[in-house]
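K.L.:
Quick one: the structure is below, questions incoming.
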Amino acid sequence: MKINNELKEKLKKVSYFPVIVCSEELPLIIISWDPDFQLREEGEVAVFPVRNYIKLEENIVIYPYVQFLALFDEEKLAYKFRGKARIEKEGELFERMKKKNPKAEAALVIRILKVDKEHIWK
């Protein structure tokens, strides 16, 4: 799934992204920041920097489908992204992420499968 350029520009303004991963007990929620969106051969991917990724990687191996959110209060909108995830600790995507975020220990790569736009009613 390709994300349009207008949404990519909006996503640059989001400070933090909650990423929800399944586990055997409760969902694992991590907070990441500053993703890089790229159109690759496999489709559109979001590449997030992560630290302390061991538990995350264990869960993704078993439950690779994840969700992440982008919230826009001023517009009363939320975007829910669904995709298939993997952890990369080397290679092009990891090296690019490491340059941008030196404290990142790994790259959380999510191939985006679906995006839902929802109105937030407060």
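K.L.:
Of K76/K114; K10/K89; K76/K100; K89/K114, which sit over 23 Å apart, Cα to Cα?
P.N.:
Values: K76/K114 20 Å; K10/K89 28 Å; K76/K100 30 Å; K89/K114 25 Å.
Violating the 23 Å Cα-Cα cut-off are K10/K89; K76/K100; K89/K114.
K.L.:
May I pose another question? For K8, give me every one of the aspartates and glutamates with a C-alpha distance below 15 angstrom, ignoring sequence neighbours fewer than eight places off in its own chain.
P.N.:
Answer for K8, where 15 Å is the Cα cut-off: D34, D36, E44, D116, listed by chain and number.
K.L.:
Also, quick follow-up: Two decimals is fine: what's Rg over Rh for the chain, C-alpha atoms, Kirkwood radius as Rh?
P.N.:
Working: Rg = 13.9 Å, Rh = 14.7 Å.
Taking Rh as the inverse mean 1/r over Cα pairs, Rg/Rh reads 0.95.
K.L.:
Using the Cβ atoms and a cut-off under 10 Å, what net charge is assigned to the surroundings of L77, where Lys and Arg are +1 and Asp and Glu are -1? Walk me through the intermediate numbers first.
P.N.:
Values: positive: K10, K76, K117; negative: D73, E74, E75, E118.
After counting each charged neighbour, the total is -1.
K.L.:
Counting other C-beta atoms within 10 Å, and keeping those with at most 13, which DSSP coil chymotrypsin sites (Phe, Trp or Tyr not before Pro) do you find in the range 33-93? Before the final figure, lay out each step's value.
P.N.:
Values: sites: W33, F37, Y53, Y65, F68, F72, Y79, F81; in loops: W33, Y53.
Those that pass, being in a loop and sparsely packed, are W33.
K.L.:
Note down, for the range 46-104, the three equivalent ellipsoid semi-axes (square root of 5 times each alpha carbon gyration tensor eigenvalue), biggest first, whole angstrom.
P.N.:
23, 17, 10
Rule-based calculations on the coordinates, nothing more; no lab input. Keep in mind it's a predicted model, so treat the numbers as computed, not measured. Cβ coordinates were reconstructed from backbone atoms using ideal geometry, including for glycine residues, and neighbour counts include every protein chain displayed.
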